[in-house]
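So the structure is just underneath, and the comments pick up after that.
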Amino acid sequence: MDTSRLSRSEYLAVGGAVLLVIAIFLPWYETAAGNAAANIDGATGSLSAWDVHPILRWVLLLLALIPLLLAWIIVRGQEVGWTRGEITAVLAIFGLGLLLYVGVIDRPGEPSEQISLQIGWYLAVVADLLILAGGIRRSGETTRRRRPPGTF
């Protein structure tokens, strides 16, 4: 195992992954204190993604695992059948879409205009963008093997 193989792009993506895991447990939403009817599944106050999103929390944790796996593959010097960083970038785009959906388009709680976004959601978006940037940079560092036409 040779950690000198890791470049800035892997460190950037791994840093984003660590930040994403931390952000899942920080407050994402807060109900309006002046409105007793404002709640998220019956709960009021500050709520984290871990509290509110039973499926999304696992999806985000898996997304945070991907840059760590990419770094592990690079440290071990394994050959893969795809350009390194591509899958990380694609999954980060997927994660960003999910984050924007639950934060901007369909915010949980009733009434949704009485639910405000907190620091955890913003950190999750920044973390996802770091993972995306690391994946894009890594995929740009490696060249794609060309194959003869008609082969797989």
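Looking at A124, A133, which one is crowded, with 16+ Cβ neighbours inside 10 Å and either within 16 Å of A49 (Cβ to Cβ) or touching a Ser or Thr at 6+ places or on another chain (Cβ under 7 Å) (or both)?
The conditions single out A124.
Out of S112, S46, S116, I need the residue that is over 30 Å from S7 (Cβ atoms) and at pLDDT below 80. Which one?
On the way: S46 fails: at pLDDT below 80; S116 fails: at pLDDT below 80.
Only one candidate passes the filter, namely S112.
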Task: Matching residues, region 1-20, being part of a helix (DSSP H, G or I) and surrounded by fewer than 11 Cβ atoms within 10 Å (Cβ to Cβ) - done: T3, S4
Task: Of residues in region 88-121 being within 25 Å of G42 (Cβ to Cβ) and among the polar types (S, T, N, Q), the one surrounded by the fewest Cβ atoms within 10 Å (Cβ to Cβ) - done: S112
TODO: Quickly run through region 100-127 and pick out the residues that are assigned to a helix (DSSP H, G or I) and in contact with a Leu (Cβ under 8 Å, 6 or more places away or on another chain).
DONE: V102, G103, I119, G120, W121, L123, A124, V125, V126, A127
- [ ] Could you check A23 against (1) outside any loop (DSSP other than H, G, I, E, B); (2) surrounded by fewer than 16 Cβ atoms within 10 Å (Cβ to Cβ) and say which number it fails?
- [x] (2)
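Take region 26-39 and flag every residue that is in contact with a helix residue (DSSP H, G or I) (Cβ under 6 Å, 6 or more places away or on another chain) and not in a loop (DSSP other than H, G, I, E, B).
Taking region 26-39 and keeping what is in contact with a helix residue (DSSP H, G or I) (Cβ under 6 Å, 6 or more places away or on another chain), we get 26-28, 32, 35, 38.
P27, W28 - these are the residues of region 26-39 that are in contact with a helix residue (DSSP H, G or I) (Cβ under 6 Å, 6 or more places away or on another chain) and not in a loop (DSSP other than H, G, I, E, B).
The values are calculated or read from the model by the stated rules, or taken from the named source; none is laboratory data. None of the values given here were measured: they were computed from a predicted structure. Positions of Cβ are generated from backbone atoms using ideal geometry, with glycine treated the same way; all protein chains shown enter the neighbour counts.
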